[in-house]
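K.L.:
Before I ask anything, here is the structure I am working with.
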Amino acid sequence: MLQVKNIQCGYKDIVAVHDLSFEAAGGEVFALIGANGAGKTTTIMALAGHIVPMRGSIIVEGHDISSGRAQGRLAHGIALVPEGRRVFPDLSVENNLTVGGHTVGREALRSNRENAYQIFPRLAERRTQLAGSLSGGEQQMLAIARAMMASPRILLVDELSLGLMPKMVDECYQVVDTLKQQGLLIILVEQSTQRALEVADQVAVLESGYLAWHGSGESARSDSSVVSAYLGN
Ligand code: ATP
């Protein structure tokens, strides 16, 4: 579904990600992990079209989208759950979902909303509540649900668990599992590697902008040298 070939990305004359390549399929969780400043967000921003790679290509279902911008990404089935959630605080839960579904037709909007409320019963209970008054964990759920409203096939999630209480982290990871079962490819950026590792089908470790390790989730979980070198926490 997604092929990333030798991308180099950054900001003006700063190169933050060097020569990164990987492939991932629908129904997979691809965990991108690494320390502060390793290049995780830069990679996600390139996939989301907010940064155009200086070199290399991003190919989705055979289409080269490397030079495309963020607005066009939904047409290629890519939706972003940005770091820090960024829900619309003055809109209700339901209206946040409606905004998320602005690119789909009326019928898809209705069925995506029902799907979202089924996956997130907590949001269904709070559909008229202003998003700004939700807890951090509920806002994260809303951010995921809003991204799902556009019927994406690839979901980019930047820092799923940042700042959430353990119970909310559990719930968010259960949702990731459900979306994976629904056939989505989920690209997950996490600083807290432990949880990401548990669900990942593939793991890529970035170190100072370079791919330091890449393998299956299973090999990352079972190889103690990888765990101690890169995934210590
Ligand atoms: P964190 O976990 O702290 O968010 P990260 O792995 O997501 O880190 P990036 O945010 O991708 O890392 O940053 C990679 C490098 O790019 C860092 O050296 C950072 O200082 C630099 N960088 C990030 N954003 C910008 C920007 N807007 N302008 C210039 N340099 C930037």
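The values are calculated or read from the model by the stated rules, or taken from the named source; none is laboratory data. Only a predicted model underlies this, so the values are computations on that prediction, with no experimental measurement involved. Neighbour counts are summed over all protein chains in view; Cβ atoms, including those assigned to glycine, are modelled from backbone coordinates with ideal geometry. When the accessible area is computed, the model is the full protein with side chains, heavy atoms only, and any ligands, DNA or RNA have been set aside. Shrake-Rupley method; radii C 1.70, N 1.55, O 1.52, S 1.80 Å.
K.L.:
Kindly report, to the nearest 10 Å², the accessible surface of residue 125 as traced by a 1.4 Å probe over protein heavy atoms only.
P.N.:
140 Å²
K.L.:
So how do 22, 88 rank on accessible area, 1.4 Å probe, biggest first, that is with the largest at the start?
P.N.:
Result of the area sort, largest leading: 88, 22.
K.L.:
Right, something else. Once you list every other residue whose beta carbon is under 11 Å from the beta carbon of residue 180, what net charge do they have if Lys and Arg are +1 and Asp and Glu are -1?
P.N.:
Around residue 180, the charge tally is -3.
K.L.:
Report the local net charge at residue 1: Lys and Arg +1, Asp and Glu -1, summed over other residues whose C-beta lies under 15 Å from its C-beta.
P.N.:
-1
K.L.:
Between residue 54 and residue 21, what is the label-point separation in nm under the 7 Å Cα-to-beta-carbon projection?
P.N.:
Reported label-point gap for residue 21 and residue 54 is 2.0 nm.
K.L.:
Something else now. Quick one: if you stick a label point 7 Å off each Cα along the C-beta vector at residue 135 and residue 114, how many nm between them?
P.N.:
Going from the residue 135 label point to the residue 114 one covers 2.9 nm.
K.L.:
Could you give the accessible area per residue of the chain, probe 1.4 Å, as a whole number in Å²?
P.N.:
Details: 10460 Å² over 233 residues.
So the chain comes to 45 Å² accessible per residue, rounded to a whole number.
K.L.:
Could you give the angle, 0 to 90 degrees to the nearest 10, between helix 166-181's Cα long axis and the longest principal axis of the Cα atoms of the chain?
P.N.:
80 degrees
K.L.:
Something else now. So how do 228, 161 rank on accessible area, 1.4 Å probe, biggest first, that is with the largest at the start?
P.N.:
228, 161
K.L.:
Quick check: with the 1.4 Å probe, what order do 142, 211 take by accessible area, largest first?
P.N.:
From most exposed to least exposed: 211, 142.
K.L.:
Over the chain, what relative contact order in percent results from Cα pairs under 8 Å that are six or more residues apart?
P.N.:
RCO, the chain: 27 percent.
K.L.:
Follow-up question, since we're still on this one. Could you tell me what percent of the accessible area of the chain is made up of carbon and sulfur, with a 1.4 Å probe and every protein chain present?
P.N.:
Summing carbon and sulfur atoms, their accessible area is 49 percent of the total for the chain.
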